[in-house]
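*Asks:* Sharing a structure below in structure tokens format, with a few things to ask.
The values are calculated or read from the model by the stated rules, or taken from the named source; none is laboratory data. Nothing here was measured: the structure is a model prediction, and the numbers come from that model. We place every Cβ from the backbone using ideal geometry, glycine too, and count neighbours over all the protein chains shown.
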Amino acid sequence: MIFRKKKDEPEPEKEPVPAALKKDKVKRCDVSGCSEPSVRTVSGEKARKGGLSIPESLRKAHLCKKHYKDFKKATKKDRELERMGW
Ligand SMILES: [Zn+2]
């Protein structure tokens, strides 16, 4: 019996490219001066009320991790104030 070495070994499976590396598909943070990839989309109006500099023309704002945190902090404060009857 002759054992022949397989010439056509299966190629190692390519790892899927993380979305963050597909530049054309990734939305960037809409806060002016920030170019981080966005992780969340929020209402532009709310984001502006939360103190983020989002262009007036945007109805929806894409936020990066950091700015989403800021946004959440800001909106949380709002809700607390509302609860207290301000
Ligand atoms: Zn940002």
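*Asks:* How about segment 29-49: which of its residues are part of a loop (DSSP other than H, G, I, E, B) and within 14 Å of the chain's Cα centre (by Cα)?
*Replies:* Answer for segment 29-49, where residues must be part of a loop (DSSP other than H, G, I, E, B) and within 14 Å of the chain's Cα centre (by Cα): Cys29, Asp30, Val31, Cys34, Ser35, Glu36, Ser38, Val39.
*Asks:* In this structure, does Ser57 turn out to be in contact with a Cys (Cβ under 8 Å, 6 or more places away or on another chain) and either modelled with pLDDT under 70 or surrounded by fewer than 13 Cβ atoms within 10 Å (Cβ to Cβ) (or both)?
*Replies:* Criteria not met by Ser57.
*Asks:* Could you count how many residues in segment 70-83 are over 22 Å from Cys29 (Cα atoms) and either hydroxyl-bearing (Ser, Thr, Tyr) or modelled with pLDDT of 70 or more (or both)?
*Replies:* Going through segment 70-83 one residue at a time, the tally reaches 1.
*Asks:* Out of the residues in segment 12-35 that are at pLDDT below 95 and touching a helix residue (DSSP H, G or I) at 6+ places or on another chain (Cβ under 7 Å), state the one that is nearest to the ligand (Cβ to nearest atom).
*Replies:* Taking the candidates together, the pick is Val26.
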